[in-house]
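Working notes, beginning with the structure itself.
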Amino acid sequence: MKSYIIGTAGHVDHGKTTLIKALTGVDTDRLKEEKERGISIELGFASLPLPSGAKAGVVDVPGHEKFVRQMLAGIGGIDLVLLVIAADEGVMPQTTEHLEIIDLLQIPRGIIVLTKVDLVEQDWCELVKLEVAEALKGTVLAQAEIIEVSATSRVGLDYLLSRIDEELTQLSGKADLGPCRLPIDRSFSVPGFGTVVTGTMYHGNLQVGDPVVIEPGEIKSRVRSMQVHGNKVEQGFAGQRVAINLPNVELNDIPRGATLLSPGFLNPSQILDLSLILLDSAEMPLVQRQRVRFHIGTKEVFGRIHLLDREEIEPGAKVYAQILLEEPVVAARKDRFIIRLYSPARTIAGGVIIDVGNRKCKRYSEQSVAQMVIKERGTPEDLISEQLLKGFVPQTTTELGLTTGLNIPELEQALVKLGEQVDSYIIEGQAYWFHNESLLPLRSELTRLIDQYQKKHNLRPGVLKEEIKSRLFTNWNSKTYSGLLKYLHDNRIIEVSGNYIKLPGFKAEPQGTLQLIASQVITEFKAAKLSPPDWESLMNKYQIDQTLREELLQYFLHTEILVKVTGNLYFSFEALEEAKKTIAQLLKEKSEFIASEAKDRLNTSRKYLIPLLEYFDSQKITRRIGEKRVTF
Ligand code: GDP
Ligand code: MG
């Protein structure tokens, strides 16, 4: 089951906490007190069940100061942001700052919740909406919907919920395979239990027993136990908020803003290469060697800006730069960061990390800038992975050429370098490339679904292709779907036969007492030869209920134990084969025959004879000419 994380943003007192309470029933302010008294592990976190059945958790940020940290900590995990604006006040300073941060972090999905509409006239509301639309212009949320609600009178809440649901269920999966990366947002000690850390998993997954390391500091431990949304789990995945109990770790040893990692995944570094945007609202230039607050993941660290080709950055400009940090941090290419002024701590810049762990760049060197350009763009392998990790979106080399801007020899070389990370299937002579990381979640979901289905419907030949498509791959085009099935079939992950999909080794079979009844039914049909029993009467005799008798019949038919001749008339396969031989013999002896001749040979009554002969006609064994039949 997918779970999503929703973040809230907005000016103080605009109604974030009240909205969450109205949606989830959870008072996150109270959770905070409970936490302080050591009752609740999870801080400001409320579960939100969605109409579609998907689960989401809402993170409420207590106070403005924590917002930046919370937002950054959540980027790997925040799927949707709710920007809450009170209709009576409209856009306020923190609204603007949060919006700027959302924009710098490029959080792509958001809904603007215009709350407290019960306090204002509709005219006023319309004006505020215009003001909000103006503020959103040119930001990542420019297209976001503005929804009017009142948490107190519950106006618009159902609609808001349905839109949250729609936005979330459109998302593709996260990178929940491979090594774990979890920026720690809280660590505490539970008496008799030891050290617990919590955070949103950015990348990969973690299992109870797995070794882990906390960086910076190289503190080694392992996962003793784990909770997701308050429930004990064996495994946690990217996108989930998890709490992890770590043996042999002293609380005081864990630095603020540290990261929990699978050993060997990422190393902390002190010099980061950046692509940076200075906000228009910064008002003042950012100068060479200026000391700033640098935020990444859950970490805030001081550092100095190192500019490559200028002495200062003008507001609104986008440049390449380095940051020389006063302490090491765990960072990776593509991570988003925020820069705030040393004092007052106001957000002024942000952007994306394009490389880590390099030396300080030489200033005013053309080469330094040129290298940054290449790093930002990425290697051919990066570019291909980026395209292919947008979901399961297989592309031909021609398509990859268009989306990555690489030429065919470059592509071919990069695909070889990517090795087992990528794979392809062939349709109509064309290879379609995909990333294995995008396949694996689909593959496990698919096999799980088939397995469940097979257990529930053990008499059926498998699951209908269409059923799986409508359950898991609704919006897929049929070409990609058949490609996926073909690939999985060729690699023996599933077996596709006709319209059905099953897991290798699965055989439809009656279980338990039904097995006994089924074999008696078969015996009766075989013994009756060409005067078979009536299906319904037989089922009544064995007291098989309506649904089950239909399942059983379909089982006999798809396994060809019974053959449907017409309407509800079924013969055993053996009896029918015998009859075919008899007719063939008859046709060998005489070039034509009439019904009564066949009746004597087949030794059956007229009731079955006519349907049988018509069946043979339809099977192109015989051909009817008037009263007679000849070889087809
Ligand atoms: P937060 O700081 O954004 O979390 O704001 P709160 O949720 O604590 O709300 C601030 C104040 O606004 C509280 O007194 C709420 O009762 C009030 N409030 C919140 N939502 C509504 C609403 O929809 N209508 C009205 N009339 N008051 C609201
Ligand atoms: Mg609040």
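The values are calculated or read from the model by the stated rules, or taken from the named source; none is laboratory data. Given the structure is predicted, the values throughout are model-derived calculations rather than measurements. Cβ atoms come from the backbone with ideal geometry, glycine included; neighbour counts cover every protein chain shown. Accessible surface areas use protein heavy atoms only, side chains included; no ligands, DNA or RNA. Shrake-Rupley method; radii C 1.70, N 1.55, O 1.52, S 1.80 Å.
Numbers at a glance
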| item | result |
| --- | --- |
| Members of segment 339-357 that are open to solvent by 50 Å² or more (accessible area, probe 1.4 Å) and either on the phi < 0 side of the Ramachandran plot or in contact with a Cys (Cβ under 7 Å, 6 or more places away or on another chain) (or both) | 342, 343, 344, 346 |
| Per-region count, segment 152-168, residues within 16 Å of ligand 1 (Cβ to nearest atom), part of a helix (DSSP H, G or I) and either open to solvent by less than 70 Å² (accessible area, probe 1.4 Å) or closer than 13 Å to residue 6 by Cβ (or both) | 3 |
| The lone exception for residue 530 - which of (1) among the aliphatic types (A, V, I, L, M); (2) within 30 Å of residue 575 (Cα to Cα); (3) part of a helix (DSSP H, G or I) it fails | (3) |
| Sole residue being open to solvent by 70 Å² or more (accessible area, probe 1.4 Å) and either without any contact (Cβ under 8 Å) to a residue 60 or more places away in the chain or of a type in the set (Ser, Thr, Tyr) (or both), chosen from 579, 527, 595, 575 | 527 |
| Given (1) more than 29 Å from residue 121 (Cβ to Cβ); (2) within 16 Å of ligand 1 (Cβ to nearest atom); (3) at pLDDT 85 or above, number of the condition residue 50 does not satisfy | (2) |
| Criterion violated by residue 537 - all others in (1) loosely packed, with under 15 Cβ neighbours inside 10 Å; (2) more than 21 Å from residue 619 (Cα to Cα); (3) modelled with pLDDT under 95 satisfied | (3) |
| Residue under evaluation residue 3, criteria (1) open to solvent by less than 40 Å² (accessible area, probe 1.4 Å); (2) within 14 Å of ligand 1 (Cβ to nearest atom); (3) modelled with pLDDT under 90, criterion not met | (2) |
| Number of positions in segment 397-431 that are surrounded by 15 or more Cβ atoms within 10 Å (Cβ to Cβ) and of a type outside the set (Phe, Trp, Tyr) | 17 |
| First in segment 354-365 and closer than 19 Å to residue 318 by Cβ, second anywhere and among the aliphatic types (A, V, I, L, M), Cβ under 7 Å, 6 or more apart | 354/274; 354/372; 361/308; 363/308 |
